[in-house]
Amino acid sequence: MALYQKTLEVNTSPKSFLDVTRNVQAIISKSGLGNGICNIFIKHTSASLVIQENYDPSVRQDFETIFAKLVPEDFPYVHSMEGKDDMPAHIRSALTSTSETVPIVSGKLSLGTWQGIYLWEHRDQSHNRKLVVSIMGENGF
Amino acid sequence: MALYQKTLEVNTSPKSFLDVTRNVQAIISKSGLGNGICNIFIKHTSASLVIQENYDPSVRQDFETIFAKLVPEDFPYVHSMEGKDDMPAHIRSALTSTSETVPIVSGKLSLGTWQGIYLWEHRDQSHNRKLVVSIMGENGF
Amino acid sequence: MALYQKTLEVNTSPKSFLDVTRNVQAIISKSGLGNGICNIFIKHTSASLVIQENYDPSVRQDFETIFAKLVPEDFPYVHSMEGKDDMPAHIRSALTSTSETVPIVSGKLSLGTWQGIYLWEHRDQSHNRKLVVSIMGENGF
């Protein structure tokens, strides 16, 4: 059993989904590990991870609409000094995921046909975001 | 440290919870691994995982009621071609879990007394669903 | 690759966040493991885990307000025999996390600058809560 760890840095667009599936797969391929697990961790509290449908982009549009309704910006938050999109961003992060662990089979992420790994930027501005990808598995396959 | 991986296929009922605790425990027992972790991953975006109270079935009934209220079907979703239960199913999946990692102690899932591992089917119809169970741990105990 | 596992017991206050980052880090330090992953699992269904902003305490206050609005106590739940805070506590747990997996780099939790690991007590009373911390990684660093 071996470990391979890498930090992934990406630039996001305001309130949008960024598909990081290929970036994560590239790290797995580089690791040379065949079967095991891949942990993805986002080092932020106002952007998060979602494993979701990778086909129709309107799915992500509806996510934005429903989450804006669930966690309104127009609310008397106590924590408001960083802008009215900040506190909702924290709550949206907690409602989705900070860490996800995906199986690796024969050197590939074992995702379902329609699954992609997304970084969801919850803030109103672009940001540089860091993910840590940790792979544990058996050599070769 | 060793790895044991298995795909689990189950058939769900419309909008309901399926207890998969025994299925996961059976895979752990077959692995012969004593202490470690067990990752459960669901390869779908309209069914998800929830570790919840395993005693009173009315708990799951209330989950269904509250989630139907949080994520209404009667909403002008852009992504609507697959039926009015489809987009809410995606959002309900993101609000709960696609992956869970549970400790294994002495060959058993180290769950709390009242915890069970459930697959929650969010669609209006029965489906065949695939889970990948990845166990990493030490031989024997 | 080695495994180190420990149960952590803490006492919570009613409906509040308890920072367990130091407790988890202490277990990692004791393990002597350098690089790997740390899985934290809560053995309860009415308290949960959240990795969130560790600086301004008002963030946690807003979390409480918004979740009380999303999952109201004043609702005709079927499962009500354990008090009106019980069913909302189950749902709040499912909306956040039962398990989180965090990378370990050079013997330290690889958290972002503003991230802390919190146990969120959703019940109206203090409780003794158990977490299982499982560390898998390489010796030394």
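A few remarks follow.
- Gaussian network model of chain A, springs between alpha carbon atoms under 10 Å - residue of A:GLU100, A:GLU121, A:GLU82 with greatest fluctuation: A:GLU82
- Options A:LEU18, C:ALA89, B:ASN35, ranked by Cα towards positive dipole end of the protein assembly as shown, top entry (Cβ charges): B:ASN35
- Taking all protein chains as shown and a probe of 1.4 angstrom, C:ASP86 keeps an accessible surface of around 0 Å².
- Accessible surface computed residue by residue for chain C, with neighbouring protein chains in place and a 1.4 Å probe, gives 38 Å² per residue.
- Here A:SER106 yields copy-to-copy label distances, from shortest upward, of 4.0, 4.0 nm, the label point defined as 7 Å from Cα along Cα to C-beta.
- Peptide C:20-27 has a mean of 0 when you count, residue by residue, the C-beta atoms of other protein chains within 10 Å of its C-beta.
- Stretchable slack from A:MET81 to A:LYS69, in nm (0.36 nm times residue separation minus alpha-carbon distance): 2.2 nm
- Solvent-accessible surface (1.4 angstrom probe) belonging to B:LYS30, in square angstrom, nearest 10: 150 Å²
- Against the empirical 2.2 N^0.38 Å (N residues), the range A:9-60 has a Cα radius of gyration ratio of 1.31.
- Accessible-area composition of the protein assembly as shown, carbon plus sulfur, in percent [1.4 Å probe]: 48 percent
- Label point 7 Å beyond Cα along the C-beta direction, distances from B:LYS30 to other copies (nm, shortest first): 3.6, 3.6
- Counting from the shortest, the label point at C:LYS69, 7 Å from Cα toward Cβ, is 1.6, 1.6 nm from the same position in each remaining copy.
- The B-C contact accounts for approximately 2700 Å² of buried accessible area, totalled over both chains at a 1.4 Å probe radius.
- Under the convention that each Lys and Arg Cβ holds +1 and each Asp and Glu Cβ holds -1, the size of the dipole of the range A:67-141 around its Cα centre is about 200 debye.
- Dipole of the protein assembly as shown, positive direction: furthest Cα of B:LEU109, C:GLY112, B:GLN5, with charges on the beta-carbon: B:GLN5
- Taking other residues whose beta carbon is less than 10 angstrom from the beta carbon of C:LEU70, and scoring Lys, Arg as +1 and Asp, Glu as -1, yields +3.
- Per residue of peptide B:101-110, the mean number of Cβ atoms on other chains within 10 Å of the residue Cβ is 5.
- Per-residue SASA remark: B:HIS44, around 40 Å² accessible (1.4 Å probe; ligands, DNA and RNA not included).
- Tail fraction, Cα-Cα pairs, chain B, threshold 25 Å, whole percent: 31 percent
- Full extension of the chain between A:VAL105 and A:TYR55 gives 15.8 nm of extra length, using 0.36 nm per residue less the Cα-Cα distance.
- Residue of chain A with the Cβ closest to the rotation axis carrying A onto C, and that distance rounded to whole Å: A:MET1, 3.
- Point-charge dipole on Cβ atoms (K/R +1, D/E -1) for the protein assembly as shown, about Cα centre, debye to 20: 1380 debye
The values are calculated or read from the model by the stated rules, or taken from the named source; none is laboratory data. These numbers were taken from a predicted model, which means no experiment stands behind them. Positions of Cβ are backbone-derived with ideal geometry, glycine not excepted, and every protein chain shown enters the neighbour counts. Please note that ligands, DNA and RNA were not included when accessible areas were found on the heavy atoms of the full protein model with its side chains. Shrake-Rupley method; radii C 1.70, N 1.55, O 1.52, S 1.80 Å.
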